[in-house]
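One structure is given here, and the rest of the page talks about it.
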Amino acid sequence: MRKTVLTRKIVIGVINFIVNVVYLIIIFQDPNNKKRQIVMNLGLENKVALVLASSKGLGLACAKGLYKEGANIVICSRSGDNLKIAKEKIEASHSIASNNKIFPIVADLMYEDQIKSLVEKTLNEFGKIDILVHNAGGPPSGPIERITKKEWSNSIELNLRSFIFITEMVIPIMKKQGYGRIIAITSVSVKQPLNNLVLSNTTRLGVVGFAKTLANEYGKDNILVNVVCPGPTLTDRMNELINKMVSDTGKTYEEVEKGWIDPIPLGRLGKPEELANLVLFLASERASYITGTVIQVDGGFVKGLF
Ligand SMILES: NC(=O)c1ccc[n+]([C@@H]2O[C@H](COP(=O)([O-])OP(=O)(O)OC[C@H]3O[C@@H](n4cnc5c(N)ncnc54)[C@H](OP(=O)(O)O)[C@@H]3O)[C@@H](O)[C@H]2O)c1
């Protein structure tokens, strides 16, 4: 009797062992098997994200990341052609959801009527806005004495006023939903002023002040507001800045690029996806107790403590 029980236990043990081995073989042979991947579920599926200035660079990387995590995304820029290319690039990436959409809208963030129409079109298409990623083109570089009155007012409109205006439109929508995430892309210039970039050094601090005030006033409505600060990151904008310095100083491209890289402890420029990773996290369900912060993604470029 005892021998039969023992034999049965051994047989069951052997069967269990074989089943587990077969299971592991199947999982490890299929690279797409989700059970094999250890993932942090960001909870972004079915969310609606409006990502501004997203035909290229940092905005595009954020839009692509959000799409891959299953969010429906609205991409925007001044150019329909650039948006078409951006949409194709995003579509080529794999989304964890099967039916999330990409909706391109042409809008110049310099103009309030175009921002208004951008928000209205987003609502018509998706019926809600869960996530707003504010981004815009960078202001021109140059020393204080060479910046014109027009450049000052353009930078205030594009880099500061567009943020104030669009959040004024989006906050009532998020309040009604009882949910919202707002993330503003600024620059390390808000922590450490950059040479030759007085417009960025000045107007972006207004974004930080406004974002912190939003975080204070709308936390009770479950609207979380944070600012991210890219350091030198390899995009068209970075190329533009380097080329401008090449023509202003007569140095070579490599010399100017080295000047940007030397103060970075990680010894290289950032990649747009590295900034996007933080934006995705702040937009996610996992960042539910983070609001009112100003976080840099800069390879250690900023030398201050906070
Ligand atoms: N890359 C860096 O190292 C770095 C570092 C710190 C801060 N930043 C800041 O981060 C922001 C994004 O930089 P990036 O490097 O991604 O620049 P980028 O590669 O030049 O891309 C800029 C994006 O903004 C769009 N855009 C420009 N002006 C616009 C407007 N008036 N209305 C709507 N869309 C507009 C452009 O699209 P269209 O041309 O198709 O309109 C493009 O999609 C900038 O403000 C930049 O100053 C960048």
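FYI, it's all coordinate maths here, none of it is from the lab. These numbers come from a predicted model, not from an experiment. Neighbour counts are summed over all protein chains in view; Cβ atoms, including those assigned to glycine, are modelled from backbone coordinates with ideal geometry.
The table below gives the values:
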quantity: Under 17 Å from the Tyr179 label point (7 Å along Cα→beta-carbon), backbone N, the stretch 207-249; calculated: 219-225
quantity: Charged-residue dipole, Cβ positions (Lys, Arg, Asp, Glu), the stretch 82-200 about Cα centre, Debye nearest 20; calculated: 200
quantity: Assigned charges on the beta-carbon of Lys, Arg, Asp, Glu; the chain dipole about Cα centre (debye); calculated: 1460
quantity: Inter-label distance, nm, simple model (7 Å from Cα along the C-beta direction), Lys84/Thr249; calculated: 4.0
quantity: The chain: DSSP helices with Cα axial extent of at least 18 Å and average Kyte-Doolittle hydropathy no lower than -0.5; calculated: 2-29, 162-177, 198-218
quantity: Restraint check, Lys68/Lys116; Lys84/Lys175; Lys87/Lys271, Cα-Cα greater than 29 Å; calculated: Lys84/Lys175
quantity: Calculated FRET efficiency for the pair Thr148/Leu305, C-beta based, R₀ 51 Å, to 0.05; calculated: 0.90
quantity: The chain: equivalent-ellipsoid semi-axes (sqrt of 5 x gyration tensor eigenvalues, Cα, Å); calculated: 43, 25, 19
quantity: Residue-averaged 222 nm ellipticity for the chain, from DSSP H runs of 4+ at -39500 (n - 2.57), nearest 500; calculated: -15500 deg cm²/dmol
quantity: Pairwise FRET efficiency - Ser117 versus Glu91, Cβ, R0 = 25 Å, nearest 0.05; calculated: 0.55
quantity: Sorted by Cβ neighbour density within 10 Å, fewest at the top, the residues Glu168, Glu254; calculated: Glu254, Glu168
quantity: FRET efficiency for Ile164 and Asn196, using Cβ-Cβ distance with R0 set to 25 Å, rounded to 0.05; calculated: 0.45
quantity: Most positive-pole-ward Cα, Ser189, Gly270, Pro139, against dipole of the chain from beta carbon charges; calculated: Gly270
quantity: Order of Arg146, Arg78 - criterion: other Cβ atoms within 10 Å of each residue's Cβ, fewest first; calculated: Arg146, Arg78
quantity: Approximate spin-label separation Leu205-Ile261, in nm, with each point projected 7 Å along Cα-to-Cβ; calculated: 3.2
quantity: Ranked Cys229, Cys62, Cys76, criterion: other C-beta atoms within 10 Å, fewest first; calculated: Cys229, Cys76, Cys62
quantity: Length added when fully stretched, Asn277-Ile15, from 0.36 nm per residue minus Cα-Cα; calculated: 90.0 nm
